[in-house]
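See structure below.
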Amino acid sequence: MRALCPWLSDSDGPACRAWAEMEILATVAYGQFRDEGLTTPAGEPRKLLAEYRAIRSAQLAIARERGLSESDVRAIISAHTEGRQFGFLGEPRVNVLELNLELDTKKPMKNTGR
């Protein structure tokens, strides 16, 4: 990757690795979506892949800003994910208030002067 992007430093390694992982998983997932008919008539993957990328990007951003490992962030998010209402209505969701309170307790944000 450094051959194509010489400005990258050692500290960019985890983000580059996560990006590569996401691209590989996206390629595999797209192949499965296509094979199982989960794409639009134009060949675009449906909503699921976009949601995965958004979740993964958020996890990476939280880990980077808080100085936590990705596995710690996933565990905290999982702990604050609530199931479907009455077991069948809606989609699982994250209680963002509780998530942020736990993140602030475990690893407060650094004051960046913003």
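Here, each number is a calculation from the coordinates, and none is a lab measurement. Treat the numbers as computed from the prediction; the structure is a model and nothing was measured. Glycine also receives a Cβ, built like all others from the backbone with ideal geometry; neighbour counts cover every protein chain displayed.
Working from the alpha-carbon coordinates of the chain, get Rg over Rh, Rh being the Kirkwood radius. So for the chain, dividing Rg by the Kirkwood Rh gives 1.04. The simple Förster model, with R0 at 35 Å and r as the Cβ-Cβ distance, assigns T105 and E44 a FRET efficiency of 0.30.
The residue among G83, N100, M22 whose Cα reaches farthest toward the positive pole of the charge dipole of segment 9-103, with charges on the beta-carbon of Lys, Arg, Asp and Glu, is G83. The distance between label points at A20 and R2 comes to 1.3 nm (points 7 Å beyond Cα on the Cα→Cβ vector).
Helix-only estimate, please: 222 nm mean residue ellipticity of the chain, summing -39500 (n - 2.57) across DSSP H runs of length 4 or more and dividing by its residues, to the nearest 500. Value at 222 nm, helices only, nearest 500: -18500 deg cm²/dmol.
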